[in-house]
Structures are given as C-alpha cells and as structure tokens.
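Everything below concerns the one structure shown next.
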C-alpha cells in the first residue's frame, strides 16, 4: 500500500504541470498564480489584470495546434493489419487481422486512439488498459483509456521503453454494487464482508453536481478518499516480485516452463519413470529425453486490489499469457526520466502573444483621443487655429 502511495505521490509535480498545460490548451491562460502585490497570499494573473481595470484578453493559438495534430492523425488512421514473416502462414495473419479489427470495432479504438493522443500531446503521457472479462453481457477483450491523474508507477524507471518498470497501478472509484459484483466471486458471505468493509459508503444518497460536464473532479483527487461519498475507493497495484522456483526444460517436447520448489519431487519421479520406459525401448542413457531443471530466482508480476484500509480484495499472479501487467504506457520523451509535453513548448510563446494583446489594449485605452496639439509659433500667416483643425481632420488633408 505504501509503495503505491509513494509512487502516486511522486507524480504530484507531473500532475500539476499537466493541469497547467490543460488550462493553456482549453483557454484558461491567465490562471497562473502570482504573489498578491496589494496584500498577503497569492492571486491569479486574471484577477490581477482585472484589479487594474483591464480585460484579460487572449488569443488561443495552442488549441488550434492541438486540433491540427489530431486532425492529421485522424486522417491517417487505417485498419490494423497483421503480416506474417513466413509466407506459408499468411492465412494465420489474415485471421489475426480479422480478430484485431473486430476488437477495434468492439472497443471503438479509433476514437480512443484520438482521445489518448490528445492526452499525450497535452500531458506527455498516455496509457491504455487491456483486460479480458465479462462486460455488456459477454466475455471478451476490453480496452480502456486510463486517466493519468489516477495512474501511478514507480519512480525508478529510466528506460524510455519502460521495460524497467517494477510497480504500476491506478485508483478506482466504484459503485458499491459494482464492487460486490467484481470481488465477491459469487460468494454471498464474501459480499457481506465487502459490504461491512465499505460500511461508510452512503449508498442511498444521490449526489448531484451542478457543474456536471465542467466540474474538474480530478483536480483535488486524493489517494485514499474518493471525492464522491457514494463511491468505493479501490487501489489496483501490479508489482514485480521475486520467488525461488525451478526452471524446467522438457527434452521430450522441447517445452520450457517453471514450477514451485515443492514440485521437485514430481520431477524426480517423472525422470525415473522415463528412464524405465526409454530403457525398455532400447534408448541408451546418454540419449534419454528427460526433464532438465535448475533452481532460479523468478521475477513475476503479482496484482493486488486493496481497500483504503489495506484490506486485500483480490490478489494473484498475472493471468495473462504475456506474463506482465495489463497497462500500455508511454511517457514522452522520458529524457533522464523526465516528461516534456508537446504543448509545454508553446506556453511561453502563447504568454508573449497574450501580453502583446494586453499591452496594445492598454495603450489604446490610455492614449489621448480627439486631441490636437499644435505649436503657435508654427501657425502659418493668414490661417487660424480653426482652419488648421479643419484641415487636419479633412480626408486626405
């Protein structure tokens, strides 16, 4: 639990920078906080400009750049295709292409790809989560977009491919009955224990936000407590752990696999049985196909679903064939382990444009309008000041 909390807390600065990039992208470009010149504390630049009697004008160029990037990406999206290296297995590649295209249609991945690219250019990080489970009345492979405000991973990574990741996860806010359906495993007694575990959840209360589509629900997100009192906080953690195991090479089938230390006795018995069978078949001892095995330290992914109090709702070794976690994460550019988003390159230019607009507006408001100052010693003979003013105001005068 504390490893997960420390990993989430270590990304506070990243989340603040991503939130600032989001503000600049979607129009709140005078939201940076500055020291209040008229008193204690801090105020936003917008408040400071309004105090001076000016209007906080802006010309949002960042949003148009982001839209252009998304537009180019959308126009170049194509159907996913699998190509086999062995031409004799081309039929297998066609089947795999059909399966992937079906999954794209099922999960509407074209739209998810565009939305995740938007997250990527603004925050510098993008993540998908792919799982197999029961959803919409069927078992299938499901892909979801992961909000970077809820994602955490260890701060020891330096590899831009993220192969050195040892801990990753996210925080979930679930409805009580969704929680019971996911973690009761069809056991009524376990469901009752889960209900007691989350007894503080106000399941009968209806929470209404007046700003539903504009309310920033993740700005003040905390690790242990959900913002909505009707939701159950669940912390999903995937951690790479180590254990003593035995690596086995079956010389009869060519298969490699691993077993627990307690299973070594079965390997010995299996080899004894094979020796008898192969000796009876006339196989010499040096040519017998036995089980070759050795002790080793196995690094594997283990998952935990935890309550905020540290109760384990579910745990186990990774069930996936790839033997890893279900997240696909990319942080850009990960130079020296740091993130430098695409949008952040344009913030200083955007601030310069906005300052020019404010200065021009201030000069226009402060300049003297309709006033003509003319030195008397320069007054031509035979002309009065009224004639000078009339000539000055005349078209093409």
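Angle of helix 90-107 to the longest C-alpha principal axis of the chain, folded into 0 to 90 degrees and rounded to 10: 50°.
Per-residue extension of 0.36 nm, minus the Cα-Cα distance of residue 19 and residue 108, leaves a gain of 29.4 nm for this segment. Principal-axis analysis of the Cα atoms of the chain puts helix 188-197 at an angle of about 40° to the longest axis.
Among 296, 334, 148, the residue with the largest mean-square fluctuation in a Gaussian network model of the chain, with springs joining Cα atoms closer than 10 Å, is 296.
In a Gaussian network model over the chain where Cα atoms closer than 10 Å are linked, find which of 271, 287, 354 has the largest mean-square fluctuation. Checking each option, the largest mean-square fluctuation is seen for 287.
Based on every Cα atom in segment 314-377, Rg and the maximum pairwise Cα distance Dmax equal 28.9, 97 Å.
Tell me, 227, 381 in order of fewest to most beta-carbon neighbours within 10 Å? Display every interim value, and only then the final one.
Values: 227 16, 381 4.
With the sparsest Cβ surroundings first, the list reads 381, 227.
Taking 11 Å as the cut-off, no amide N atom of segment 248-270 comes nearer than this to a point 7 Å along the Cα-to-beta-carbon line of residue 156. Going by a ≥ b ≥ c, the root eigenvalues of the Cα gyration tensor, does segment 14-85 fall in the rounded group (a/c under 1.5), the prolate group (a/b larger than b/c) or the oblate group? Taking the square roots of the gyration eigenvalues as a ≥ b ≥ c, segment 14-85 is oblate.
If r is the Cβ-Cβ distance from residue 12 to residue 289 and R0 is 56 Å, what FRET efficiency results, to the nearest 0.05? Please list the in-between numbers first.
Details: r = 57 Å, r/R0 = 1.02.
Efficiency for this residue pair is about 0.45.
Taking a ≥ b ≥ c as the square roots of the Cα gyration tensor eigenvalues, segment 271-397 comes out prolate, since a/c reaches at least 1.5 and a/b is larger than b/c.
Can you tell me the length gained on complete extension of the stretch residue 263 to residue 199, counting 0.36 nm per residue apart and subtracting the Cα distance? Please report the intermediate quantities before stating the final value.
On the way: separation 64, 0.36 × 64 = 23.04 nm, distance 4.25 nm.
Between residue 263 and residue 199, full extension yields an extra 18.8 nm.
For the chain, with a Gaussian network of springs between Cα atoms less than 10 Å apart, report the residue from 176, 356, 70 with the top mean-square fluctuation. So, out of 176, 356, 70, the one fluctuating most is 356.
Of 121, 83, the sequence from fewest to most neighbouring Cβ atoms within 10 angstrom is 83, 121.
Computed from Cα positions, the angle between helix 347-366 and the longest principal axis of the chain comes to roughly 20 degrees.
In deg cm²/dmol and to the nearest 500, what is the mean residue ellipticity at 222 nm of the chain if only DSSP H runs of at least 4 residues count, each as -39500 (n - 2.57), divided by the residue total? It would help to have the intermediate numbers written out before the result.
Numbers: 11 runs with 140 residues, N = 397.
When only DSSP H runs of four or more count, the value is -11000 deg cm²/dmol.
Set against the labelled values (1) 23.4; (2) 28.4; (3) 37.2, mean projected area of the Cα convex hull in nm² computed from this structure falls on (3).
The value of relative contact order for the chain, using C-alpha pairs under 8 Å at least six residues apart, is 19 percent. Taking 7 Å steps out from each Cα toward its Cβ at residue 318 and residue 332 produces label points 2.5 nm apart. Panel order for 276, 193, by other beta carbons found within 10 Å of each beta carbon, from fewest to most: 276, 193.
Length gain on complete extension for the stretch residue 251 to residue 381, per 0.36 nm per residue less the alpha carbon to alpha carbon distance?
Working: separation 130, 0.36 × 130 = 46.80 nm, distance 11.82 nm.
Stretched fully, the residue 251-residue 381 segment lengthens by 35.0 nm.
Approximating the spin labels as points 7 Å out from Cα along Cα→Cβ, the residue 35-to-residue 349 distance works out to 3.2 nm.
Each reported figure results from applying straightforward, stated rules to the coordinates on display, with no laboratory input. Just so you know, these numbers come straight off a predicted model, no measurement behind them. Here Cβ is always computed from backbone atoms with ideal geometry, including for glycine, and neighbour counts include all displayed protein chains.
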